[in-house]
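We did not get these values from a lab; they are worked out from the coordinates using the rules stated. Please read these numbers as outputs of a predicted model, since none were measured by experiment. FYI the Cβ positions are ideal-geometry reconstructions off the backbone, even for glycines, and counts take in every protein chain you see.
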Amino acid sequence: MLVNGRRINSCLTLAVMCEGDDITTIEGLAHGGQLHPLQQAFIEHDGFQCGYCTCGQICSAIGMLAEARAGMPSHVTADLTANTTLGAAEIRERMSGNICRCSAYPNIVAAIRSVAGDAA
Ligand code: FES
């Protein structure tokens with residue numbers, strides 16, 4: 001989930017820790033029946049199988065894209081002075097904390113790459 005726009009591990013966060021914060025979960029991403037671009041991309045790229053991890057993958061991807069836009073480097077960022085290009089290696093590294101037991105990783109990366117240049 002996103003707390004004040006930043007991705008966090010909801011399973012390690014007590015509700016009382018978020019008092020007064022702006023909380024966004026997967027349920028809050030679609031507006032008026034219109035899916036968030038990442039939700040749509042996950043469908044179009046078959047970015048899930050059982051769907052167990054999908055809520056976290058999508059919320060984390062939204063936070064990750066915001067981090068990249070803000071210029072935050074990852075462990076594999078080659079040039080810390082240039083704008084980050086979100087290639088597959090960057091996306092895999094930045095999403096490495098989100099585990100998928102179905103191993104849908106190639107399609108998850110494809111879904112994220114398809115919207116990486118758009119406002120997420
Ligand atoms: S789609 Fe099944 S765990 Fe990711």
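From the residues in segment 77-103 that are touching a Gly at 6+ places or on another chain (Cβ under 9 Å) and polar (S, T, N, Q), which one is nearest to G51 (Cα to Cα)? The qualifying residue nearest to G51 (Cα to Cα) is N98.
Go through the residues of segment 77-85 one by one and say whether even a single one is of a type in the set (A, V, I, L, M) and either under 16 Å from L2 (Cα atoms) or surrounded by 13 or more Cβ atoms within 10 Å (Cβ to Cβ) (or both). If you could, list the steps in order and put the result at the bottom.
From segment 77-85, those of a type in the set (A, V, I, L, M) are 78, 80, 82; that's our starting set.
Within this subset, residues satisfying the condition of being either under 16 Å from L2 (Cα atoms) or surrounded by 13 or more Cβ atoms within 10 Å (Cβ to Cβ) (or both) are none.
No, the conditions are met nowhere in segment 77-85.
Taking the criterion of being among the aliphatic types (A, V, I, L, M) and more than 10 Å from the chain's Cα centre (by Cα), the residues of segment 47-78 that qualify are A68, A70, M72, V76, A78. Does F48 fit the bill of being closer than 15 Å to V115 by Cβ and surrounded by 20 or more Cβ atoms within 10 Å (Cβ to Cβ)? Judged against the criteria, F48 is not a match.
Restricting the search to segment 1-30, which residues are part of a strand (DSSP E or B) and of a type in the set (V, I, T)?
Those that are part of a strand (DSSP E or B) and of a type in the set (V, I, T): V3, I23, T24.
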